[in-house]
Amino acid sequence: MIIWCMEHERRIKTMSKVSGIRLHNMEIYNWGTFDDKIWTFNPNGAMSLLIGDSGSGKSTIVDALSTLLVAPSKVQYNKAADASAKERSVRSYVRGYYGRKQTVEGKGEPVALRTEKSYSVILATFKDMVEEKIISLAIFFWFTERGSNVSRIYAVSDKELSIAEDFSNFKDDIRYLKNRLRKSGAKINDSFIRYAEEYRKLMGGVTAQAIDLFQQTISMKKVDALNEFVRESMLEKEDVNTQIEELLKHYRDLDSAYEAVKKAKEQIQSLEPIHENGKEYTDKVEQKIKLDVARDSLGVWFAIKKRDIISAHVKDVEHQIKKLDHDILLQEKKQNDIDHEIQHIIASINKNGGDELRRLEEEIQRYNIEFAVRKSVLDKYNKNARKLGLKLCSSRENYDENSDKLPKLEQNFIENRKSIQDELTAVEITINEGNKKSAELTMELESLKERSSNIPAKLIHLRDQMCRDLEIKEYDIPFAGELLEVDPTQISWEGALERLVHGFAISLLVQNNHYSKVSEWVNKKHLGTKIVYFRVTDKIDFNSNRECDVHCAANKLIVKKDTYFTKWISAEINKRFRHICCDNIADFRKEDKAITKNGQFKSGRRHEKDDRHKISDRMRYVLGFSNKKKIEVLTEELKTVRQNVDKFMDKRRNILSQQDDINEMLSISRIMREYDNYEKIDSKSIQKLIFKSIQRMNEIKESSSILDTLKKQKERKQYELIDAKNKSDKLKIEKGKRSQKYDNLQMEWEENEEKIMQETENDKNIYSFLEDNFMQYMDQIQQMLAYNDKNEKGYLNYLTKKADSLQSRMSVLKANIEKMMARFKNAYPSETLEFTDKIDSIEDYNAMLYKLSYDNLPKYQNDFKNELQGKIIRHISLFSAVLYKYRSNIISRIEEINQSLKEIDYNVGRYIILNCEDSSSQDIAMFKSQLRACTEGIMNLDNELLENKFMQIKEIIERFKGRQDTVEADKRWTTKVTDVRNWFIFSATERYRDNDEEYEHYSDSDGKSGGQKEKLAYTILAASLAYNYKLNKKTKNGSTFRLVVIDEAFLKSSDKSAQFGLKLFEQMKFQLMVVTPLLKISTITPFVSHVGFVSHSDITHKSEIMNMSIEQYEKNRKLEEDKRLGKLDALN
């Protein structure tokens, strides 16, 4: 105690000799919980102690001092307590907030000591007793109207101000107050900037950087790491948010320009196939038109070609007819001569019994004619009887038996035809169902190949339409089934789980930020189907986190990881599908919620099993991250369906063949019924009559030899007559043919001329094409060039086939083009509002392609280039320059601190310096590399390289913005890489003064003791303050700012470290203001002369401060201690 008093007296005696600008007096009025009167703290330039319980109001006084000295944009209230930026503010201090209460709406609102009608003042007086200099600083706060921001008046004076004399009795007239202050010599400002310039000038030119360090020092507590201490306590964190916001602003313009280029390229990419197919379609149309004209003109062209050919044929046939007429006359004369000879011979025969023979011959001739007719009818009858399986007709009995069987046979055919027709109908129904199934499978497979999802195509198309209309990405509104999959180890349960989860799996999951748009869209649209969707928020049902039985269905499902919906859907299936998977029906009956492998499941009393589809039908499966297995199964199923269709098509052909056969039999049976008289087919009776007549004629011939000679003569002449007649008939037939040919040629000539008369200009224009093309056709069929009907018909067929082929290709092209048009319209509805998706609109699409290719895309690329090179690169370069300027500032700052450190004896004969090296962080190294890459080689880049450069920039900017699934990680990354303090690793080296050799190295990884770290930190801090406060290097004298405030100082330091720091600050001639709870008092009091004791009432919610000397404080403390000990003795 004696030693302490002697030391304290020594400090008191030297106080009047200490130079520098020091805090002598501080006043506050209506500031925080210091309410309704003027409260003062009077350290009088000495080292002081501000003590009190936690929450008493110590930091409120410190924050008043910070508000007087630190810019509003940089001031950090109650920083020593790690308070939130929103916890305290100028408004909270002016109003005197002391707690919160709950409103009717259930929200919390602050409770204040004062209304907005009150005003507040904070004031501090600094003095340099050596230079006899006074600087008074004050800020006056008030509200202009209810709910407004706090207004301020800043005052600086070289005379001592006080709240009672200078900021009272101004009749609530702010203008009057300002004028009064000016008249007193004070300089008045409405902005902090001018006020700060003036007070810093009066305080020996103290820099803004020194004031920033002053604020940083306030919150310095225990030193755990050298790096953190240097970064947080010695170096100011530069605000780069403005530059980042500027970058993001210009990036939005650049991104819009890039999106315009990207969209134009995508549109061109979509339009080019339309244009190319359209060009081919137009060419085919022109070819088809030419072929149609050629086919229409072919008759006229051939008529012209055949005119001379027909004329020559006519002349040739006329000559042939004349020659035939001559030959016919000669043959007719010969016939007359022979006929006269035969008449003479007949007369001789009649005289020798020839009349009976003639009668018999005529009778035999009649019988032969009748026999031939009946024989022909009999042959047809027997042919049909053979087909029907009846007996051949050789007698009356056969005929009668067949006639009896025909009605029953016909009835059988009718019944068989009906049976075959029924079978055909059943087969055709099966074929139609197979074709329908094949079409469904084909459509589903085409849809599945375009995506990875197993969800039905109809629902996928509905979701696609919703995404296009609302401009939402598909992964923002997935189907639940796209995020679920059956565990591969539980594949035997796949079918049952698919049934159980099906309804939930085809439900859409909607992010909360898209919910309003989606619900409005669903409400307005007629969907044509059922849709279920869930609103997904961050809130998860507590009950859903209950542990699920190891055999429950939810545990057999896998949820896709790392998505926005992962946690929600995991909780949801845990809540919904707690069914126990039972291998037997006995276990199934026991459980409240259960499921079997056959797809029966229960929930309480309700049981369900839906066997409308096979449990193994993968067409119905909707779960899975990939649809590869479903595609394989459906492909195999499609193959099977098509094979079945082919099999039934073969069966149909067989049935049709049977149907044709039965129809033929039925037709034959009806023909057979027309043979209603046996005499029509009785040839045997006629054959007998012929035989009798021949016998009688032979008897007459055998009775006369003269008659036989005459008959022989007659026969010879008759042969000659027949021969002559045959020749004449042949000539006449030939003439008839020639005449017919002549008539045909005449008709052909007339028709040909009629065709030629119908010739048009269109016909004439196509002749050159026909000439060349017809020759090509003749070469193709390897025939000699000839203009005849056969070649005309063949050539017409050739042209028709070519036209049909063109028409077929045109149909395919038209379908493809219109399909591409429809897709384009769906993708870009606003740009194609007046377009149709029909081939007639091809020119609209071509015009759009031309405009995009030659107008829009070059313009967008130019805009993109200008945005990239002219704005964003410039701002990135500026941003990079700012960061590297901060880097240089840090290096300079460390060098400056080292200059001051060399003046301090860290240990006897040794001093400390700081080292800064580049950080080994991969994130920072990569960021610096990316930053350089963004600005290197930017000139004279082509469009593709410009886009590559954009992607480099995008990689950085997107992380600044925060990517969708990594917002927090990107925020941490941005904070890390743009805080230039993190670019360095700091360490310290202790060196000998006499030879500058290293004694010891200090870094975070060295494992130094807490005391060593604290000693090092206090040394570095003192050196930094000395440099920034511009203390004279040797004497530490001069009219400079000396105040250092440490809130909750030395609370976590060892006594030895605290004493070292206090002695060091004293040696450096700083005015230290220590703010601390009632702990560490014994360590600190030997170094201070003045005490401010702060207390707070829990009843009035107001704070008070009491000033006392250190002697008075120690005396009071001893009395309190004696009282406490006396009470303890009395108790004992």
Sort largest first and round to whole Å: the equivalent ellipsoid semi-axes of region 537-625, each the square root of five times a Cα gyration tensor eigenvalue. 25, 18, 11
Just to confirm a number: summing +1 for Lys and Arg and -1 for Asp and Glu over residues other than residue 967 whose beta-carbon lies under 14 angstrom from that of residue 967, what do you get? -1
Scattering profile of region 716-812 from the Debye formula, Cα beads only, expressed as log10 I(q)/I(0) at q = 0.22, 0.23 Å⁻¹, is -1.19, -1.21
I'd like the distance between the alpha-carbon centres of region 984-1004 and region 758-775, rounded to an integer number of Å. 105
Taking N as the number of residues in the chain, what value does Rg over Cα atoms divided by 2.2 N^0.38 Å take? 1.85
Starting with the fewest neighbours, write out 131, 1120 ranked by other beta-carbon atoms found within 10 Å of each beta-carbon. 1120, 131
How many angstrom separate the Cα center of region 494-512 from the Cα center of region 797-867? 40
So the pair-distance distribution of region 453-626, from every Cα-Cα distance in 10 Å bins, comes to percents of 9, 36, 34, 17, 3, 0
Would you mind ranking 148, 120 so that the residue whose beta carbon has the fewest other beta carbons within 10 Å leads the list? 148, 120
Would you mind checking the tilt of helix 1010-1028 against the longest principal axis of the Cα atoms of the chain, expressed as 0 to 90 degrees and rounded to 10? 80
Percentage of Cα-Cα pair distances in region 87-168 greater than 18 Å, rounded to whole percent? 55
Just to confirm the number: angle between the C-alpha axis of helix 566-576 and the first principal axis of the chain, 0 to 90 degrees, nearest 10? 70
Listed pairs 290/819; 814/851; 1013/1118; 436/639 exceeding 25 Å between Cα atoms: 290/819; 1013/1118
Cα-projected label distance for residue 296 with residue 74, points at 7 Å along beta-carbon direction, nm: 9.1
Between the helical axis of 494-505 and the dominant principal axis of the chain, each derived from Cα atoms, what acute angle in degrees is found, rounded to the nearest 10? 70
For the pair residue 475 and residue 889, the simple spin-label estimate (label points 7 Å beyond Cα toward Cβ) gives in nm 3.9
Sort region 218-310 into rounded, prolate or oblate with this rule: let a ≥ b ≥ c be the square roots of the eigenvalues of the Cα gyration tensor; rounded if a/c is under 1.5, and if a/c is not under 1.5, prolate when a/b is larger than b/c, oblate otherwise. prolate
Just subtract the alpha-carbon distance of residue 649 and residue 183 from 0.36 nm times their residue separation and send over the number in nm, one decimal. 156.4 nm
Greater than 32 Å apart at Cα, pairs in 651/838; 334/737; 237/1063; 530/602; 630/802: 651/838; 630/802
Hey, fewest Cβ within 10 Å first, where do 979, 1122, 729 land in order? 1122, 729, 979
Relative contact order (percent, whole number), the chain, Cα cutoff 8 Å, 6+ residue spacing: 22
Just subtract the alpha-carbon distance of residue 674 and residue 908 from 0.36 nm times their residue separation and send over the number in nm, one decimal. 69.6 nm
Which FRET efficiency value, to the nearest 0.05, do you get for residue 401 and residue 660 by plugging their Cβ-Cβ distance into 1/(1 + (r/R0)^6) with R0 = 30 Å? 0.60
Each label sits 7 Å from Cα toward the beta-carbon; between residue 1063 and residue 567 the label points are separated, in nm, by 5.4
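Quick note: the coordinates plus some simple rules give every number you see, no bench work behind them. The structure presented is a predicted model; accordingly, all values stated were derived computationally and were not measured. For neighbour counting, all protein chains shown are included, and Cβ atoms are generated from backbone atoms with ideal geometry for every residue, glycine included.
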